[in-house]
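Here the structure is laid out as structure tokens; the discussion comes afterwards.
The values are calculated or read from the model by the stated rules, or taken from the named source; none is laboratory data. Note that the structure is predicted; figures quoted are calculated from it, not measured. Every residue, glycine among them, receives a Cβ derived from its backbone with ideal geometry; neighbour counts consider all protein chains shown.
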Amino acid sequence: MYNKILFGTCLTAYCDHIFNFALNLAAENNARLWIYHGLGRLDIGEKETIEKIKDGETRMVAAYSEWMKKREFSDYMINVSDGDPVGEMVKLAKNAGIDAIVIGTSTDIPLQAGEGAMSSSLGTTAEEVILKAPCPVIVVPPALLPGLAKG
């Protein structure tokens, strides 16, 4: 069903389970997985921007390469950019012909102690991606994260 999947990450521990979902989805569909991290709008020179992008790529490899090696998954692309993360993610999805985008609800800790899974709202990035994406968006809710499930 999906040939190309885009996973948007903030490179926090919260994204690990969302990445696992995206990786499983890509593996089950024999799909290529794009792993995207947006740096935001950087107000620095070109040389510094390139260094930040390379650093982001290195951090992405460190965060996710072992997971993919364990699954013997090698059909992936890493993409780091400066600029508005939503705009860059949407542009990447259009240009690459992405079939589905996988994101989490927010870059913040999804639930504070004692809150239920329904008490947290979508973050602004998730909301904007849902509204602007050129393809379906799969939002992994906090209730699917280990330790946060209610029931």
The condition of being in contact (Cβ under 8 Å) with a residue 60 or more places away in the chain, surrounded by 12 or more Cβ atoms within 10 Å (Cβ to Cβ) and of a type in the set (A, V, I, L, M, F, W, C) holds, among L33, L25, only for L25
Could you list, in sequence order, all residues of the stretch 1-43 that are among the aliphatic types (A, V, I, L, M), under 19 Å from A96 (Cβ atoms) and part of a helix (DSSP H, G or I)?
-> A22, L23, L25, A26, A27
Any chance the stretch 49-67 includes a residue that's exposed (fewer than 12 other Cβ atoms within 10 Å of the Cβ), farther than 25 Å from E128 by Cα and of a type outside the set (A, V, I, L, M)?
-> yes
Quick one: which of A93, A62, A31, A100 is at pLDDT 90 or above, more than 21 Å from P142 (Cα to Cα) and touching a Pro at 6+ places or on another chain (Cβ under 6 Å)?
-> A93
Filter the stretch 3-15 down to residues that are farther than 17 Å from G123 by Cβ and not hydrophobic (A, V, I, L, M, F, W, C) and give me whichever is surrounded by the fewest Cβ atoms within 10 Å (Cβ to Cβ).
-> N3
Expected single match for within 12 Å of the chain's Cα centre (by Cα) and of a type outside the set (S, T, Y) among G40, G8, G83 is G8
Among residues of the stretch 68-80 being surrounded by 12 or more Cβ atoms within 10 Å (Cβ to Cβ) and more than 14 Å from the chain's Cα centre (by Cα), the residue nearest to F19 (Cα to Cα) is M68
